[in-house]
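K.L.:
This is the structure I want to talk about, given as structure tokens.
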Amino acid sequence: MTHEKVILVTGGSGLVGKAIEWVIENDKGKYGKGEGEKWVFLTSKDGDLRSIEATRAIFEKYKPTQVIHLAALVGGLFKNIKYKLDFLRDNLLINDNVLHTAHEHKVEKVVSCLSTCIFPDKTTYPIDETMIHNGPPHESNFGYAYAKRLIDSQNKAYNDQFGDNFTSVIPTNVFGPHDNYDLQDSHVIPGLIHKCYLAKKNGTPFVVAGTGKPLRQFIYSRDLAKLFIWVLREYKEIDPIILSVGEKDEVCIKDVADAIVKAVGFEGEYSFDTSKSDGQYKKTASNAKLMKYLPDFQFTPFEVAVKESTDWFIQNYGNARTGNP
Ligand code: NAP
Ligand code: GFB
């Protein structure tokens, strides 16, 4: 049977890629695998996308008709602060190779992934899609932020000069199964799930970095996955779209830690290390554009998603990305 559509997912072995794979395989409704669709989920073992030769070889092998481009050097606040040049250069190389090879292969559509941390640090709130290029991003992650902003410029340039249908989405902080739980490099939710799990196991204190005051909007990876599939199939704009829960669902880091303490069942000592950076105080994003398209989209309640993510980590501790040797 010839496959009408071959959907190539770069970064398919990561947090977001695994969530898309889970939805495609398990959703019995409108988000599940479609008729005549062949999905290919790449890992870096298929080829280092910083190399144009490796990128071309992958496209030659799979001949994709559509691409969801997730592959990137990704990390939490503390990793971003340490490796700004790597975040800038690795992501510039990966993005240019994937988009140009997609252009060479006349791929029908590419959906790339930005992040709400790329928006200007000094801005009015809520942030919306029109504000991407309105000023410098936060100091802590300018390497990652500028590389990601350029995807929007690349999409517009390919469309303007060649008519390519390359677009992008802008998720807020994502969490869920298959996350990166490395204690230094991870994002806050997987980092605190790992720390709290170890504190309970070893009877040691649970310490949260910073003041606990910063505000964030978090989207569950399996909700984001459904929205990615909708964007691939239905969204017709080149302009990006923010994929996020509403502003009213913004929580502070202390709320996050409380939810994780409850999910792990931790009863020990719990404190804040205010010598550690808080990073950006907030990056409150509007999901009005998304709600215009999908007014009835159901997001998983935060505490339910934290519990499912924590249970997944505890059940898969042995094979999870914990950073342990
Ligand atoms: P992740 O869990 O760290 O996964 C990264 C993926 O990229 C993995 O599949 C990895 O392959 C692949 N990759 C990394 N470097 C590569 C290279 N040089 N060549 C080929 N593949 C490479 O990341 P994620 O959290 O799923 O992020 C997916 C996308 O969402 C990224 O574009 C990220 O910027 C964006 N995003 C994430 C968040 C968040 O909170 N996590 C928020 C907003 C946007 P291996 O598994 O083989 O290493
Ligand atoms: O998730 P996170 O690393 O990224 O941190 P950002 C969020 C907040 O959680 C910060 C606090 O205020 C941290 O001080 N925090 C408390 C912790 N305990 C911990 C912990 O154990 N680990 C971590 N990591 N944080 C990132 C950007 O910013 O957002 C990335 O740097 C990316 O480029 C990502 O875009 C989505 O939300 O601060």
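K.L.:
Which aspartates and glutamates have a Cα lying under 14 Å from the Cα of residue 226, excluding residues fewer than 8 positions away in the same chain?
P.N.:
Result set, ordered by chain and number: 21, 25, 27, 234, 296.
K.L.:
Among the listed pairs 148/283; 5/61; 148/254; 156/236; 5/156, give every one whose C-alpha distance is greater than 18 Å. Let's see the in-between values first.
P.N.:
Details: 148/283 16 Å; 5/61 15 Å; 148/254 29 Å; 156/236 14 Å; 5/156 24 Å.
Violating the 18 Å limit, Cα to Cα: 148/254; 5/156.
K.L.:
Let me have the relative contact order for segment 130-269, percent, based on Cα pairs under 8 Å that are six or more residues apart. Walk me through the numbers before you get to the answer.
P.N.:
Numbers: 151 pairs, mean separation 42.5, N = 140.
Reported relative contact order: 30 percent.
K.L.:
Also, I was wondering about something else. When the Debye formula is applied to the Cα atoms of segment 226-270, each taken as the same point scatterer, what base-10 log of I(q)/I(0) results at q = 0.18, 0.20 Å⁻¹?
P.N.:
Here the Debye-derived log intensity ratios amount to -0.71, -0.76.
K.L.:
How many times 2.2 N^0.38 Å is the alpha carbon radius of gyration of segment 200-302?
P.N.:
1.34
K.L.:
Would you mind getting the Kirkwood hydrodynamic radius of the chain from its Cα pairs, rounded to one decimal in Å? If you can, show how the numbers build up before the last one.
P.N.:
Numbers: mean 1/r = 0.0495 Å⁻¹.
When all Cα pairs of the chain are included, the Kirkwood radius is 20.2 Å.
K.L.:
Another question, if that's okay. Can you compute log10 of I(q)/I(0) for segment 110-190 with the Debye formula, treating each Cα as one identical point scatterer, at q = 0.10, 0.18 Å⁻¹?
P.N.:
-0.30, -0.86
K.L.:
What is the Å³ per residue value for the convex hull set by the Cα atoms of segment 1-95? Working shown, then result.
P.N.:
On the way: hull volume 10.1 nm³, N = 95.
In segment 1-95, the Cα hull volume divided by residue count equals 106 Å³.
K.L.:
Let me ask something else about it. Between residue 215 and residue 22, what is the FRET efficiency for a Förster distance of 30 Å, r being their Cβ-Cβ separation, to the nearest 0.05? Walk me through the numbers before you get to the answer.
P.N.:
Working: r = 29 Å, r/R0 = 0.95.
Calculated transfer efficiency: 0.55.
K.L.:
Could you identify which residue out of 132, 314, 24 has the top mean-square fluctuation in a GNM of the chain using Cα springs shorter than 10 Å?
P.N.:
Taking springs between Cα atoms under 10 Å, the residue moving most is 314.
K.L.:
Please report, in Å, the Rg and the Dmax of segment 250-317, where both are computed over Cα atoms only.
P.N.:
Expressed in Å, the Cα Rg and Dmax of segment 250-317 come to 15.7, 45.
K.L.:
Continuing with the same structure: Roughly how far apart, in whole Å, are the Cα centres of segment 255-325 and segment 184-201?
P.N.:
10
K.L.:
Could I ask something else about it? For the chain, calculate the relative contact order in percent as a whole number, restricting contacts to Cα pairs under 8 Å that are 6 or more residues apart.
P.N.:
Details: 621 pairs, mean separation 63.0, N = 325.
With pairs under 8 Å counted, the relative contact order is 19 percent.
K.L.:
Of the chain, which part is the longest with no GluC sites (Glu not before Pro) in a loop (DSSP not H, G, I, E, B) and with at most 16 other C-beta atoms within 10 angstrom?
P.N.:
Working: sites that count: 4, 35, 108, 237, 267, 269.
It works out to 109-236.
K.L.:
Taking Cα pairs under 8 Å and at least six residues apart, what relative contact order does segment 137-202 come out at, in percent? Let's see the in-between values first.
P.N.:
Details: 31 pairs, mean separation 10.1, N = 66.
The normalised contact order for segment 137-202 reaches 15 percent.
K.L.:
Computed FRET efficiency, Cβ-Cβ of residue 202 and residue 273, R0 22 Å: what is it to the nearest 0.05?
P.N.:
Numbers: r = 18 Å, r/R0 = 0.80.
Approximately 0.80, to the nearest 0.05.
K.L.:
If you take every DSSP beta bridge fully contained in the chain, what fraction is antiparallel? Give it as a percent rounded to 5.
P.N.:
On the way: 2 of 31 bridges.
Among the beta bridges of the chain, antiparallel pairing accounts for roughly 5 percent.
K.L.:
Let me ask something else about it. Quick one: helix 84-104 against the long Cα principal axis of the chain, what's the angle to the nearest 10°, folded into 0 to 90?
P.N.:
Long axis of 84-104 versus the principal axis of the chain: about 30 degrees.
We did not get these values from a lab; they are worked out from the coordinates using the rules stated. Bear in mind that the values here come from a model prediction, so they are computed numbers and not experimental data. No Cβ is skipped: glycine too gets one built from the backbone with ideal geometry, and neighbour counts run over all protein chains shown.
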